[in-house]
Amino acid sequence: MAQEQTPGLETFLRRTFQPILNKIADFCIAHGITANMVTLAGLVGNIVAALLIGAGHLTWGGVVAMLMGPLDAVDGALARRQSRQTPFGAFLDSVTDRYDELFLLGGLLYYFSTAGNRTGIMLTYIAAAGAVLVSYTRARAEALGFEAKVGILSRVERYLILIPGLLFHIPLISVSIIAVLGNLTAIQRLFHVRKQAEQQAPQE
């Protein structure tokens, strides 16, 4: 049986700002804006941010990415207010979340490559791998009936590390932290699922 987990930062933020999110959702409903439209708008915005980052405009890229971040909470609130939480909507949201993050890291990868920064290239690749594995370990665990929401660096925390690095022109520090802690989180989830599997194993 999966152990009950303490609510993470993302859950805390959603609960804290729920009244504001509901007001934004009501505004969207009044103007015919759907949750999927908000999700796709966030994707487009992050692509713009990635292009700015790749062109060397780190501050502007960070600003755009920062503005796009809350849309991930808005689309969920909008779906709930409209009572339209569909499996495809949840699937689309999860897929675009991965694209959002990888586009931003891809922009940084291009930025470091044009600057000839091999360390930055390597760390950005490792950070991207960690981000994908954090998501994959949870999805795969849940598909097998386990729980894997543990770990020190979920998607929200990664954004909170990445965006300041862009705004203050210290992206190498940000990707270094994400590279290390992101992969550590994936390993944490691996051992967490292993523990659950051992608890479910039949006793001789």
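Considering only residues that are in a helix (DSSP H, G or I) and surrounded by fewer than 18 Cβ atoms within 10 Å (Cβ to Cβ), which ones fall in region 82-96? Result: 87, 88, 90, 91, 92, 94, 95. Taking the conditions exactly as written (closer than 19 Å to residue 67 by Cα, modelled with pLDDT of 95 or more, part of a helix (DSSP H, G or I) and aliphatic (A, V, I, L, M)), does residue 172 satisfy them or not? Judged against the criteria, residue 172 is not a match.
Beta carbons closer than 7 Å, at least 6 apart along the sequence or on distinct chains, pair a first residue in region 6-32 that is part of a helix (DSSP H, G or I) with a second that is open to solvent by 60 Å² or more (accessible area, probe 1.4 Å) and at pLDDT 75 or above for 22/81; 25/81; 26/81; 29/81. With respect to residue 135, is the statement that it is touching a Gly at 6+ places or on another chain (Cβ under 6 Å) and touching a residue at least 12 places away in the same chain (Cβ under 8 Å) true? No, not satisfied. I'd like the full set of residues that are within 18 Å of the chain's Cα centre (by Cα), farther than 14 Å from residue 89 by Cα and open to solvent by 60 Å² or more (accessible area, probe 1.4 Å), limited to region 23-46. Result: 44, single match. Within region 54-75, if we keep just the residues that are assigned to a loop (DSSP other than H, G, I, E, B) and either touching a residue at least 60 places away in the same chain (Cβ under 8 Å) or closer than 24 Å to residue 13 by Cβ (or both), the residue that is nearest to the chain's Cα centre (by Cα) turns out to be 69.
Of the numbered criteria (1) within 19 Å of residue 167 (Cβ to Cβ); (2) within 18 Å of the chain's Cα centre (by Cα); (3) open to solvent by 60 Å² or more (accessible area, probe 1.4 Å), the one residue 51 fails is (2). For region 75-116, filtering for residues that are modelled with pLDDT of 90 or more and on the phi > 0 side of the Ramachandran plot leaves 1.
Checking each residue of region 117-126 against the condition of being touching a residue at least 60 places away in the same chain (Cβ under 8 Å) and within 21 Å of residue 50 (Cα to Cα) gives no match.
Tallying residues that are surrounded by fewer than 22 Cβ atoms within 10 Å (Cβ to Cβ) and over 17 Å from residue 55 (Cα atoms) within region 97-116 yields 3.
Given the structure, is residue 120 small (Gly, Ala, Ser), outside any helix (DSSP H, G or I) and either at positive phi or in contact with a Phe, Trp or Tyr (Cβ under 9 Å, 6 or more places away or on another chain) (or both)?
Working: small (Gly, Ala, Ser): yes; outside any helix (DSSP H, G or I): no; either at positive phi or in contact with a Phe, Trp or Tyr (Cβ under 9 Å, 6 or more places away or on another chain) (or both): yes.
When the stated conditions are applied, residue 120 does not pass them.
Return the residue satisfying two criteria in turn: it lies in region 124-150 and is of a type outside the set (A, V, I, L, M, F, W, C), touching a helix residue (DSSP H, G or I) at 6+ places or on another chain (Cβ under 8 Å) and in a loop (DSSP other than H, G, I, E, B), and of such residues it is least open to solvent (accessible area, probe 1.4 Å). It comes out as 147.
Just so you know, in region 151-182 the residues that are aliphatic (A, V, I, L, M) and closer than 18 Å to residue 13 by Cβ include one that is most open to solvent (accessible area, probe 1.4 Å), and it is 160.
The values are calculated or read from the model by the stated rules, or taken from the named source; none is laboratory data. Being a predicted model, the structure only gives us computed values, none of them experimental. Glycine gets a Cβ as well: all are built from the backbone with ideal geometry, and neighbour counts include every protein chain shown. The accessibility values were calculated without ligands, DNA or RNA, using every heavy atom of the protein model including side chains. Shrake-Rupley method; radii C 1.70, N 1.55, O 1.52, S 1.80 Å.
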